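If you scroll down you'll find the structure; I have some questions about it.
Derivation of every value follows stated rules applied to the coordinates shown; laboratory data play no part. Quantities reported herein were computed from a predicted structural model and do not represent experimental measurements. All Cβ positions, glycine included, derive from the backbone under ideal geometry; neighbour counts span all protein chains shown.
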Amino acid sequence: MTIEGRCMKCKENKPMKDAEMHKTSRGGFMAKGKCTACGCGMCRIMSKDNAEKAVTDGEAKKAY
Ligand SMILES: [Zn+2]
């Protein structure tokens, strides 16, 4: 599974690189990374299941 995020610069969903999984103050999960197309910072809200799977699969670095 590749994490995708909404890139504000490309104005479309792009795969995320250098993804890090963060936990929000409300207990949710959020992937933060960079757009593979333009390098812009992007983030994506993740469900707990998807967040843990992304970390397990090595798609995102655990940052919580
Ligand atoms: Zn972009």
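What single numbered condition from (1) among the small types (G, A, S); (2) out of contact with any Cys (no Cβ under 8 Å at 6 or more places or on another chain); (3) more than 12 Å from T2 (Cα to Cα); (4) in contact (Cβ under 8 Å) with a residue 12 or more places away in the chain fails to hold for A51?
So the condition that A51 fails would be (3).
For the structure I just gave you, tell me whether E59 is more than 14 Å from the ligand (Cβ to nearest atom), touching a strand residue (DSSP E or B) at 6+ places or on another chain (Cβ under 9 Å) and among the acidic types (D, E).
Working: more than 14 Å from the ligand (Cβ to nearest atom): yes; touching a strand residue (DSSP E or B) at 6+ places or on another chain (Cβ under 9 Å): yes; among the acidic types (D, E): yes.
For E59, the condition - more than 14 Å from the ligand (Cβ to nearest atom), touching a strand residue (DSSP E or B) at 6+ places or on another chain (Cβ under 9 Å) and among the acidic types (D, E) - is met.
Can you tell me which residue is nearest to the ligand (Cβ to nearest atom) among those in the range 1-43 that are buried (at least 20 other Cβ atoms within 10 Å of the Cβ) and closer than 15 Å to A63 by Cα?
The qualifying residue nearest to the ligand (Cβ to nearest atom) is G33.
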